[in-house]
Amino acid sequence: MVEMNFIVRPGDVTSERSIGGKAWALSRLAASPWADLVPPWLALTREAFVRSLEAGSVEDGVTPPLAEDVRAALASAVRELLERAESPDGARLAVRSSAVGEDGASSSYAGQLLTRLNVPQDGVEEAVGQVWASAFADHVVHYRRRRGESAALPPAVLIQLMVPAEAAGVAFSRDPLGGDRLVVAASSGLGDRLVSGEVSGETWRLARSGEVLEHQGEDDSLLEAGQLAFIARTAVGLENFFGAPQDVEWAWSGGRLHLLQSRPITTLAGGGAGGRADRAGRRKILWDNSNIVESYSGVTSPLTFSFARYIYEYVYIEFCRFMGVSRETIAARHSLFHNMLGSINGHVYYNLLSWYEWLTLFPGFSLNRRFMEQMMGVGEELPEEFLADLKIETPGLIGKVGEALRLARSGLGLLVNNFLLERKIKAFNRRLDEALATPLEVLNSLPLDELARQYRALESRLLRAWDAPLINDFLCMMAFGLSRRLLEKYGGEAGLAYHRDMLIGQGDIISAEPARRIRAMAEEAAGDEALARLLAGGDQDAIWPALAARPKLEGLVREYLDRFGDRCLQELKLESPTMADEPGTLFSSIGHLALRLAGGGEARPAAEALPPLATVIGAGFWRNLLTERASRWARRLVRNRENLRFERTRLFGRVRRIFTRIGVILAGMGRLAEPGDIFYLQVEEVLGFIEGASVETDPRALAARRREEYRCLAERPDPPSRLVTEGAVFAALAEAAQSGRGGNETAFPPERLKGLACCRGEVTGPVRVITDPRNAELRAGEIMVARFTDPGWITLFANAAGILVERGSLLSHSAIVARELNIPAIVGLAGVTGWLATGDVVRMDGTTGLVERLERASEPPLEPES
């Protein structure tokens, strides 16, 4: 908890504005695989300075004494911090400035603000005053004015345990002088003399592989080869975690690495990725795939991306019209809708600026913004510099009245639609059934022009009338955020735990139905060990004849494929084969579960009942009534959201079949080398070729070129989950593409990792890291580890003892289904697939979000195994 807004510790919910750039970077590291490498610290917030100003003012560079409540909070926090030192009596502290913008991507404030090292406990208060006073020195005021910044912005203060360093220095994940290299600089003892330029120390330049290319200095033995390689790998890992080249301050002590700071490199020669050279006036774009990676993982085909981009464009235009946004406003913002998605080296990303700008079209932006961030599962808030780019003007009196009227009208509209939602969902499902009424055998006999007309009909009848899912999603965004806010306000941590657990076991979420059906089929096969082993092996040629001898089980399997045949791994990617096409994973899951049940495996226990709400948030009629209604509202909308996703699957399944059939016909005509090449063309290219509106005369050559291009993209590591581009996107990505840096390259982190708890329960057991679930299997007692999941992973959920996922939020599919099936689960575990290897034994706690590695199967790889 934050004490009076004065003290922030690792893991506390805060913002860069409150604790400054330096402490904010350390705060982000608290949720990373390198959290245990950061020496214990706390931050004294800017609010503490403001509180102290109430008793005095800044005069002649001297700040007022700390207010009594600030002094008390600081003294208590420092005592607690010192207790974490190996030798508390002799421990010393580093007291540093942490200003907004300091150690940022555009400015470093290097040497401008004060740092005090080796500060004893009784000297902390004096050091804090000196750091505050340094912000008002003439040279700092001049520095800020030259940069067009406020001349009187007090810093937060970072207080950190000193590390008795044997060697210390800095590591650049990119050479500031240019080139695709890393730089490590070191000196003996503390690194302050190296950073200040007092000593030259030792410098190594290394290739991305870790090979030493150059050494400068006289003491090459200051760092051993293993230490040097470890520092370099950590710097690369931090670059991937933060999404920009990093300047890392480190110290080596007691046989281990300590991370003191990590900040963006503010100048890169050549103005490459992350560089700031010649940047004036160039527009930045913030890209994030924290949530959408669940639907579009890895490299995504041109056909899928063009289809998805079209859907997002027109569906959200229709939603704006529905919400009363004028046609003139929509027309003026058309580029916003056209650029809600982007393709970054073949990977689908949200263009976050477009999403936030979309929200500004509706009243109550500040509230909607927070709710959207929670629902989309983005890892952090929109930085202030991007928020400023949205140019949100503060309205005058008349404007405020108009805004209030708009808000009231929108609120009334949402209220009406909330009451009509169930009726709208039924009407939507009826339209979907009518649009998909053409039998598959008829669809597979249609010529090219009729197939194109089938697709156009889906566009007009469904994609431009996607009202029920959109209304439900928007209401869900509000209900989820409101219920969470109320429970946190009245119940604190217990309220947040209640908010998570109240979504367990709703019983009618369709995404959990496949797991229940798989269990029923496994129970049917459990009495026949030979059949169970055959199913576990996944040999389809032998399985179907064997099932013919078991009519009841065969009927259950065929019912499952009829119902869920369009569900597949990465089911929103049109290039993904469906479960009906490749049922091997289904058979394997049934077989392994049948063997476990035959061996005495117990059924999963039912979820614990929720405690009475009053025991969580306290007494109070209106408090309980409001919170209970908001929670019930959120449960209903989350259930609808997950069920409507299944209806979306049906639409995507039909679109997949239309284009797959077109690919077969074009390949038969010699216009494509093979049917699968259809996925390397965009939707309008395919339809334009059929309808006579294409300028492309040789789709075969175009598809072949793209096939090779996307093969190369698939061999590169994934880009980071969040990144920033400036100017033309293709130019900003050029350096990253050449270096091949990705978001999953991880140094050897410590033995504990913390993520977002989704479903309670503690499990100890071996893990299985799964990157390609198509041929994967989970054995009894194994914990599934994945970068992300989608509905196609459900066949693996049925056998999982626990679930650990690198990406995701409380509303992601893995969280929803895990809660429904009562499987202990943690999401948002940054770097977990690189941290763990198959066979490692861990203890996971689905209540706290903590994962602890107990045993290593082998040395952890830099990349997850396939």
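The values are calculated or read from the model by the stated rules, or taken from the named source; none is laboratory data. Remember, it's a predicted structure, so these values are computed and weren't measured experimentally. Don't worry about glycine lacking a Cβ; one is built from the backbone with ideal geometry, like all the others, and counts go over all protein chains shown. Note: accessible area is taken over every heavy atom of the protein model, side chains too, but ligands, DNA and RNA are not part of it. Shrake-Rupley method; radii C 1.70, N 1.55, O 1.52, S 1.80 Å.
Details
- Each label point was placed 7 Å from the Cα along the Cα-to-Cβ direction; for Ser694 and Gln216 their separation is 5.5 nm.
- Derived from the Cα gyration tensor, the three semi-axes of the equivalent ellipsoid of the range 423-482 are 31, 11, 9 Å, largest first.
- Simple point charges give the picture: +1 on the Cβ of Lys and Arg, -1 on the Cβ of Asp and Glu, and for the range 426-550 a dipole about the Cα centre of about 600 debye.
- The residues Glu86, Glu211, sorted by heavy-atom accessible surface at 1.4 Å with ligands and nucleic acids left out, run Glu86, Glu211 from largest to smallest.
- Scalar couplings 3J(HN,Hα) for the range 291-302, obtained by applying the Karplus form with A = 6.51, B = -1.76, C = 1.60 to θ = phi - 60°, are 9, 5, 4, 5, 8, 10, 8, x, 6, 10, 5, x Hz; x denotes Gly and Pro.
- Debye intensity ratio in log₁₀ form over the Cα atoms of the range 586-720, taken at each q of 0.14, 0.16, 0.17 Å⁻¹: -0.89, -0.98, -1.02
- Surface analysis of the range 539-671 yields an accessible area of 45 Å² per residue, using protein heavy atoms and a 1.4 Å probe.
- Calculated FRET efficiency for the pair Ala780/Glu523, C-beta based, R₀ 22 Å, to 0.05: 0.90
- Theoretical gain in end-to-end length, Phe419 to Arg550 [0.36 nm per residue, Cα-Cα removed]: 42.4 nm
- Computed with every protein chain present, the accessible area of His338 is close to 70 Å² [probe 1.4 Å].
- Ratio Rg/Rh, restricted to the range 490-580 and using Cα atoms, in which Rh is the Kirkwood radius: 1.15
- Our coupling estimate for the range 40-53, obtained by passing each phi through the Karplus curve with A = 6.51, B = -1.76, C = 1.60 and θ = phi - 60°, is x, 8, 8, 10, 8, 6, 5, 4, 5, 5, 4, 4, 5, 5 Hz, Gly and Pro reported as x.
- Simple spin-label estimate for Glu708 and Ser76 in nanometres, 7 Å along Cα-Cβ: 6.8
- In summary, the range 805-852 shows an alpha-carbon radius of gyration equal to 1.13 times the 2.2 N^0.38 Å reference for compact globular proteins.
- Annotation for His334 and Tyr314: the two label points, set 7 Å from Cα along the Cα-Cβ direction, are 1.5 nm apart.
- Subtracting the Cα-Cα distance of Glu493 and Ala728 from 0.36 nm times their residue separation leaves 80.2 nm of extension gain.
- Accessible-area rank, largest first, for Ser721, Ser262, Ser209: Ser209, Ser721, Ser262, with all protein chains present and a 1.4 angstrom probe.
- Computed on protein heavy atoms with a 1.4 Å probe, the accessible areas place Glu202, Glu529, Glu328, Glu524 in the order Glu328, Glu529, Glu524, Glu202, largest first.
- Taking amide H as placed 1.01 Å from N in the peptide plane, Ala167 has its amide H under 5 Å from the amide H of Gly189, Trp252, each at least 5 places away in sequence or on another chain.
- Out-of-range pairs (alpha-carbon distance over 32 Å; input Lys424/Lys573; Lys284/Lys573; Lys424/Lys754; Lys426/Lys754; Lys22/Lys489; Lys284/Lys424): Lys424/Lys754; Lys426/Lys754; Lys284/Lys424
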